[in-house]
Amino acid sequence: MKKHVIIAPLGGPSETIFIGIKEFPTERVVLIARPDDLREAENIKKDLARFKVPAAIERINGPLWDETFRIVKEIAAATPKELEVLINVASGKEMMRCAATSASFVNGLKAFGVDEQGQVVLLPVLKFSYYTLLSDRKMKLLSLLAQEDCCASLEEISRRTKMSLSLVSYHINGNLKSEGLKQLGLIETAEQSGRVHVSLTTMGRLLLKGYV
């Protein structure tokens with residue numbers, strides 16, 4: 001039976017971590033901890049050692065979503081093929097759960113929760129890749145929007161990318177046959193002083209950092 005590397009964000013019911021290792025043969029556990037959770041992380045690490053399950057602590061040192069996606073991406077990339085990565089989304093608190101669940105989806109990883117009866121519930125795997133949906137021009141637009149001095153309007157985007165306004169609008173809004181950056185959840189738009197202002201969403205920023 002394949003063994004697992006279980007990623008467990010902290011801040012929620014820690015007993016779900018032990019429910020998880022009872023359900024799945026576990027090679028090791030990686031605890032994702034915010035600064036306020038470090039003492040709890042050390043205690044859980046000691047408790048896991050009693051079950052002869054090694055644990056590592058990954059500390060969140062920056063924005064919650066960025067760091068969660070980075071940690072999950074790095075663990076998934078470093079895990080040998082003979083092991084399977086699982087994400088425990090029951091052990092985290094509120095936004096930690098959301099970030100961990102989203103990270104599992106975009107990386108095609110299995111995740112599980114624990115219901116009120118203490119039963120493990122596997123979440124569906126939604127594996128997809130943004131990169132297969134993004135043309136070079138769409139990536140160029142995203143890279144431009146990541147710059148601090150961009151962008152006050154669609155006209156400015158058009159000028160700086162040397163694309164026509166209609167082409168910029170197409171890549172942003174899409175059409176019936178092709179989803180645009182807005183539909184993919186990578187950018188958002190808002191009207192300001194009669195002009196359309198475009199900015200990256202959290203997911204767009206994470207994609208450019210390589211965490212998606």
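Listed values, structure above:
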read-out: Dipole magnitude of segment 123-212, debye to nearest 20 (Cβ charges: Lys/Arg +1, Asp/Glu -1, about Cα centre); value: 300 debye
read-out: Candidates 199, 104, 166, ranked by Gaussian network fluctuation over the chain, Cα under 10 Å, top entry; value: 166
read-out: Dimensions (Å) - segment 130-209, Cα atoms, principal axes, largest first; value: 33, 27, 21
read-out: Protection-proxy order for peptides 89-95, 116-122, each taking the mean of Cβ atoms within 10 Å per residue, highest first; value: 89-95, 116-122
read-out: Mean ellipticity per residue at 222 nm, deg cm²/dmol - from DSSP H runs of n ≥ 4 across the chain, formula -39500 (n - 2.57); value: -12000 deg cm²/dmol
read-out: Under Karplus coefficients 6.51, -1.76 and 1.60, residue-wise ³J(HN,Hα) of segment 180-190 in Hz, glycine/proline x; value: x, 4, 5, 5, 7, x, 9, 9, 9, 10, 8
read-out: Under 11 Å, Cβ to Cβ, from residue 121 - net charge with Lys/Arg +1 and Asp/Glu -1; value: -3
read-out: Nearest-0.05 FRET efficiency for residue 93 and residue 173, computed from C-beta distance (R0 30 Å); value: 0.25
read-out: Cβ-Cβ FRET estimate between residue 40 and residue 131, R0 fixed at 41 Å, reported to 0.05; value: 0.65
read-out: Per-peptide average of other Cβ atoms within 10 Å, ordering 75-81, 60-66 highest first; value: 60-66, 75-81
read-out: Residue-wise HN-Hα coupling along segment 85-92, computed from phi with Karplus coefficients 6.51, -1.76, 1.60 (Hz; x: Gly, Pro); value: 8, 10, 10, 8, 8, 8, 7, x
read-out: Total lysine pairs whose alpha carbons fall under 18 Å of each other in segment 3-122 (8 or more apart, or interchain); value: 11
read-out: Relative contact order %, segment 130-209, counting alpha carbon pairs below 8 Å whose residues are six or more apart; value: 28 percent
read-out: Given charges at beta-carbon only (K, R positive; D, E negative), |dipole| of the chain in Debye; value: 620 debye
read-out: Relative contact order of the chain, defined on C-alpha pairs under 8 angstrom at six or more residues apart (%); value: 17 percent
read-out: Residues 67, 74, 82 arranged by fewest to most Cβ contacts within 10 Å; value: 82, 74, 67
read-out: Antiparallel bridges, percent of DSSP beta bridges restricted to the chain (to nearest 5); value: 35 percent
read-out: Residues with amide H under 5 Å from that of residue 55, placed H, sequence gap 5 or more; value: 29
read-out: For the chain, built as a Gaussian network whose Cα springs stay under 10 Å, the top-fluctuating residue of 56, 100, 33; value: 56
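A short reminder: the numbers here are calculations on the coordinates, not readings from a lab. Treat the numbers as computed from the prediction; the structure is a model and nothing was measured. Positions of Cβ are generated from backbone atoms using ideal geometry, with glycine treated the same way; all protein chains shown enter the neighbour counts.
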